[in-house]
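Student: One structure, as structure tokens, below. Some questions next.
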Amino acid sequence: MDALLGADLGSMFGAVVSLWLQKHAGFTLINARRGAFTVGVVLMMGMAFVGVVDNPYTAIALLCLLRLVRVRGEAVPHLRRA
């Protein structure tokens, strides 16, 4: 998966999770953003299992999941604030 495509998908997914938490779970804006960040952290923990799985396709899927989650500033350095 291209790094910029993964960054775009991760940015949209984070916004959707935050909005859902605000509308359906009754979270405030800051707590919804914290919740979306926590979801990202939990998804990143899948990287711990890349070396353990037997199926190479599962390992590739876990790596793609990490690329989807690792977004903020690393994949798109030209969009960082100075």
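The values are calculated or read from the model by the stated rules, or taken from the named source; none is laboratory data. Source: prediction; values computed, not measured. Neighbour counts are summed over all protein chains in view; Cβ atoms, including those assigned to glycine, are modelled from backbone coordinates with ideal geometry.
Student: Does Met44 satisfy the criteria of being outside any loop (DSSP other than H, G, I, E, B), at pLDDT below 80 and surrounded by fewer than 17 Cβ atoms within 10 Å (Cβ to Cβ)?
Tutor: Yes.
Student: Of the numbered conditions (1) modelled with pLDDT of 80 or more; (2) surrounded by fewer than 15 Cβ atoms within 10 Å (Cβ to Cβ); (3) aliphatic (A, V, I, L, M), Leu21 satisfies every one except a single condition; which is it?
Tutor: (2)
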